[in-house]
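Asker: Below is the structure I would like to discuss, written out as C-alpha cells.
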Amino acid sequence: MRVVRGLALGLLVLVGAYAGLAWWLGGKTPKEAIVSGVSIGGLDRDAATSALTAGLADHTAGPIALSGGAAKASLAPSAAGLSVDIPATVDGLVGFSLNPRTVWEKLTGSVTTSATVSVNEAAYRSAVTTAGASLRTPAKEGKVAFADGKLTVTMPVEGGELDPDATLEAIRETWPASSTVTAAIRPIQPAVTADEFTRFRKDFGDVAVSGPVTVTAGSKSFPVAVKEFTSVITVKAEGGKLVPSADTAKLVALVQADAEKAGVGAKPKDAVVTFSGSTPKITPSVDGTELDPESISTKVWQAIGSNDRTAQVTTKVAKATFTTEIAKKTLPREIISSFTTNFKPGQPRVTNIQRGAARLNGAYVPPGGTFSLNKWLGQRTPERGYVKAPGINNGRIELTYGGGISQLSTTLFNASWFSGVKLVDWRAHSLYITRYPEGREATLDWWTIDNVFTNTTDAGILILASTTDTSVTVSFKGVKKWDITTFKGPRFNVVAPGRVEVSDPECIPQDPSPGFTVVNTRVFLQKGKEVDRQSITTKYDATNQVVCTKKAG
C-alpha cells in the first residue's frame, strides 16, 4: 500500500514538474525562432516583441519593389495599407500547451516563418492597381494578310497583368524579410488565339494559295490566278474565330475580265446614232452574254477555299445599256439651245474655228452620255488643217496651232449652259476677252484644258455647228426639259493691269484691261416654276499692256 502511494506521489510530482515546464516554456518562443530574418529564439513575449520591432524597422520603412519579368513597379507600404502586426506574429510563437511535441519544439525546435502582415483591403486594391499598370503587357493580336498571291500569318502573343490576390500572398510570404517581391502575373489572352490562327491556316489559308482556280462556263474554261483572287480576300475576327470573305464586286469584276480575255462571253453593244444632215441612222444594239455575277460569287468563292480548284459558272444575257428602243424613243426633235459669237473675217484664227466647227457638226450625245470637245476634235495640228493663230499663253497672246479654237469652245459652252446639261469640266480664259460673255466662256488646250458636259436631258442631243465669214453658231437639237434664264452679278475684286516690254520678234502688242471676278447664275424652269439654280464664279487676271520693243524681220 505504501508502495502504491509512493508511486502515485512520484507521478504527481512528475506531472507537476512537466506542467510547470510547459507553463514556463509557453511564455517563450521556440529555441531557434527566426521571423522574417530576425532571430527571436527563446525570448519571452516582451523581449520577442522588442526584438522584432527593432529588427524589422528598416525593412518596413522603404518601398516594396514589385518585379514582373523585365518590368518593375513600387508600392509604398503605408499607402498600400500594408503593415506588420508584431503582436499577432509573437502570439503565433508563444502560448501554453501540454502537447509533448509542442513542449519539445519549444526546448529544441527550429522555426522559420514570416511576420504577420495586416492589410487595408481598399487601400491595397487602389495602390496595386496603379502600380500594376507598369507591369501590364498587352496581348499582341495576330494578323493574316494575302499579298502577291502569298499568305502571311503573324501569330498572336499572350500578354500579362498583375494578379492582386496572388501578389498579396507573395507579399505576405516575402515581405518584410525582403523589399523585393516577385509579382504574380496572370495571362491576358488575345482576342483570337494562336490555336485559331493555326486552324485558319490549315483549313483555309494554305488551301486558298495552293493554286489557281479554273472557271468553266459551258464548253470553255480559263484560269483565275492566285495573285488575282487573293487581292480581294479579307479576314475578320468574329467571336474569336477568323472568318474569310471576298469583296464580291471586285471578285466578279476580275473573273469577268479574265473571261473576256479568254474569249468567254461577249460584251453587249449599245445602239449607235449617227446623222446624215438631219436624217438619223440607228445601228441596232446587240445583247451579249456574261458570267452570272451571283454564280461567280458563290462558285468561285467555294473553289478558292476548296482542294477542288474548279468552279462551274453559269452565264446570262448581258443587256445593252443604250438599246435600239431607247435610241428610237430619244431621237432629237427640236432646237433646245443655240448660241452665236462673232469674229472679224479673214484672220488665220477663222480657219481654225471653221475647221473645228465642221468637225463638231453632227456630234451626237445619247441621254446620260458625256461629251469631251478635246476627244471629239483631236489635237490641233497642221496635218489636220489647223494653222498658227494668236492664243493666250501665260498671260500673253502668242501664235499657236489651233489659235482661235477657244471661240468654238466658248460657243459650245454657252449652248450647253442654255440647254441645262451638266457642266463637268471647263476653264475660262485667264484674261477677259470682250467678244465673250463675262464669266461665261471656256478656253481649250489639248494638253491640259478640256470642255466636257454630260447630257442630263431625257433625249439624245445632236450638236449642230456652223460658221459664216463673221460668226460661229452652235445649237443643241434634242427634247427640251428646262427653260433656262440667266443673270450676271457685278464685277468685284478688280485688279489694275501692268505694263510689260517684250523683245521677241513674234511679239504681239496687247492693250491693258483690269482683272476682276464675276458670278453667273442660270435658273432652271419647268412650266414656269423654278426647280433649280446653279452659279459659277470666274476670276480673270489683269491684262497687262504688252509693248513690243523689237520688230520682226
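Asker: Could you list, in sequence order, the residues of the range 453-470 that are closer than 19 Å to residue 362 by Cβ and in contact (Cβ under 8 Å) with a residue 12 or more places away in the chain?
Answerer: Within the range 453-470, 453, 455, 457, 459, 460, 461, 462, 463, 464, 465, 466, 467 qualify.
Asker: If you go through the range 399-429 one residue at a time, how many are surrounded by fewer than 17 Cβ atoms within 10 Å (Cβ to Cβ) and at pLDDT below 95?
Answerer: Within the range 399-429, residues that are surrounded by fewer than 17 Cβ atoms within 10 Å (Cβ to Cβ) and at pLDDT below 95 number 1.
Asker: On to the next question. Pairs, please: C-beta under 6 Å, at least 6 apart or cross-chain, first residue closer than 18 Å to residue 62 by Cβ and in the range 171-194, second of a type outside the set (A, V, I, L, M, F, W, C) and in a loop (DSSP other than H, G, I, E, B)?
Answerer: Hits for this filter: 176/36; 177/36; 177/37; 179/62.
Each row is one residue, and each column tells you yes or no for (1) modelled with pLDDT under 95; (2) touching a strand residue (DSSP E or B) at 6+ places or on another chain (Cβ under 7 Å).
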{"residue": "485", "(1), (2)": "no, yes"}
{"residue": "503", "(1), (2)": "yes, no"}
{"residue": "512", "(1), (2)": "yes, yes"}
{"residue": "518", "(1), (2)": "no, yes"}
{"residue": "529", "(1), (2)": "no, no"}
{"residue": "544", "(1), (2)": "yes, yes"}
{"residue": "549", "(1), (2)": "yes, yes"}
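Asker: Moving to a separate point now. Got a sec? Which of 63, 87, 77, 30 is more than 60 Å from the chain's Cα centre (by Cα), within 24 Å of residue 122 (Cβ to Cβ) and of a type outside the set (Asp, Glu)?
Answerer: Going through 63, 87, 77, 30 in turn, just one is more than 60 Å from the chain's Cα centre (by Cα), within 24 Å of residue 122 (Cβ to Cβ) and of a type outside the set (Asp, Glu): 87.
Asker: Restricted to the range 502-516, and to residues that are buried (at least 16 other Cβ atoms within 10 Å of the Cβ) and among the polar types (S, T, N, Q), which residue is nearest to the chain's Cα centre (by Cα)?
Answerer: 513
Asker: Further question on the same structure: On the given criteria, is residue 371 under 43 Å from the mean Cα position of the chain (by Cα), buried (at least 23 other Cβ atoms within 10 Å of the Cβ), aromatic (Phe, Trp, Tyr) and modelled with pLDDT of 95 or more?
Answerer: For residue 371, the condition - under 43 Å from the mean Cα position of the chain (by Cα), buried (at least 23 other Cβ atoms within 10 Å of the Cβ), aromatic (Phe, Trp, Tyr) and modelled with pLDDT of 95 or more - is not met.
Asker: Another question, if that's okay. At least 2 residues that are within 30 Å of residue 330 (Cβ to Cβ) in each: list the strands (runs of 3 or more DSSP E) lying fully within the range 441-553 that qualify.
Answerer: 452-454, 461-467, 471-478, 483-488, 515-526, 529-540
Asker: Taking the conditions exactly as written (within 27 Å of residue 516 (Cβ to Cβ) and among the β-branched types (Val, Ile, Thr)), does residue 461 satisfy them or not?
Answerer: Taking the combined requirement at face value, the residue does not satisfy it.
Asker: In the range 255-310, which residues are surrounded by fewer than 14 Cβ atoms within 10 Å (Cβ to Cβ), over 36 Å from the mean Cα position of the chain (by Cα) and either farther than 27 Å from residue 367 by Cα or in contact (Cβ under 8 Å) with a residue 60 or more places away in the chain (or both)?
Answerer: Across the range 255-310, the qualifying residues are 263, 274.
Asker: Separate question: Could you list, ordered by first residue, the pairs with Cβ atoms under 7 Å in which the first is in the range 123-148 and touching a residue at least 60 places away in the same chain (Cβ under 8 Å) and surrounded by 13 or more Cβ atoms within 10 Å (Cβ to Cβ) and the second is polar (S, T, N, Q) and in a helix (DSSP H, G or I), at least 6 apart or interchain?
Answerer: 146/230
Asker: Follow-up. Write out, first by first residue and then by second, each pair whose Cβ atoms fall under 8 Å of each other, whose residues are 6+ apart or on separate chains, and whose first residue, in the range 211-239, is loosely packed, with under 14 Cβ neighbours inside 10 Å while the second is of a type outside the set (Lys, Arg) and assigned to a strand (DSSP E or B).
Answerer: Pairs that qualify, where the first residue is loosely packed, with under 14 Cβ neighbours inside 10 Å and the partner is of a type outside the set (Lys, Arg) and assigned to a strand (DSSP E or B), are 218/315; 234/244; 234/245; 234/246; 236/242; 236/243; 236/245.
Asker: How about the range 149-162: which of its residues are of a type in the set (Ser, Thr, Tyr) and either in contact (Cβ under 8 Å) with a residue 40 or more places away in the chain or out of contact with any Gly (no Cβ under 6 Å at 6 or more places or on another chain) (or both)?
Answerer: Listed by number, the list holds a single entry, 152.
The values are calculated or read from the model by the stated rules, or taken from the named source; none is laboratory data. No experiment lies behind these values; they were computed from the predicted model shown. All Cβ positions, even for glycine, are placed from backbone atoms using ideal geometry, and neighbour counts span all protein chains on display.
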